[in-house]
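Novice: Just passing along the structure, written as structure tokens.
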């Protein structure tokens with residue numbers, strides 16, 4: 001059974017905060033008990049940091065371009081869902097799989113389930129409150145527009161991924177080299 005939540009490495013590629021200095025492994029290890037990590041997922045007006053999301057290559061166990069923490073704004077002040085919408089336009093034949101911060105996609109053979117933490121908010125509209133955590137599917141239509149739908153709560157993985165055309169090669173983000181050069185763990 002494969003649990004895919006905030007780990008996008010199992011997909012062809014992922015939307016990453018690799019250029020955020022607050023997420024560098026060495027910096028994270030210096031914090032006690034994850035101190036500061038919740039603040040990193042929030043944005044305070046006037047306190048944004050200057051970094052950009054990058055696209056990273058995954059292991060290609062599952063096809064698609066995955067965005068974790070889809071409903072969150074990080075320390076750069078940019079909502080991930082907005083940045084992802086722009087980034088997916090560079091790879092119009094890929095399916096985008098966008099997983100909210102408090103949601104998970106579980107894959108077991110050819111079946112999948114979407115899980116979410118009860119009582120948490122997310123980007124999926126709900127009649128009872130402002131939204132619940134979930135998973136979105138995104139793609140580019142023939143006119144170059146970003147289209148989306150909420151991922152069903154369960155089903156066959158082959159049905160979910162049927163609209164994915166295998167790219168001959170995923171596009172490479174030139175900023176990834178810069179991100180690795182800035183991160184002390186790679187020095």
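None of the figures in this text is laboratory data; all of them are computed from the coordinates on show. All values reported here derive from a predicted model rather than from experimental measurement. Cβ sites come from the backbone with ideal geometry, for glycine too, and all protein chains shown count toward neighbours.
Novice: Could you list 124, 150 in order of exposure, starting from the residue whose Cβ has the fewest other Cβ atoms within 10 Å?
Specialist: 150, 124
Novice: Can you bin the stretch 38-157 into rounded, prolate or oblate? Criterion: square roots of the alpha carbon gyration tensor eigenvalues sorted a ≥ b ≥ c, rounded for a/c under 1.5, prolate for a/b above b/c, oblate for the rest.
Specialist: Verdict is oblate for the stretch 38-157.
Novice: Using a 7 Å offset from the Cα along the Cα-to-Cβ direction at both residue 79 and residue 50, what is the distance between the two label points in nm, to one decimal?
Specialist: Modelled inter-label distance: 2.5 nm.
Novice: Work out, step by step, the length gained on full extension between residue 150 and residue 57: first 0.36 nm times the residue separation, then minus their alpha carbon distance; give nm to one decimal.
Specialist: Residue separation times 0.36 nm, minus the Cα-Cα distance, leaves 31.0 nm.
Novice: Counting other beta carbons within 10 Å of each residue's own, what order do 180, 55 fall into, fewest first?
Specialist: 180, 55
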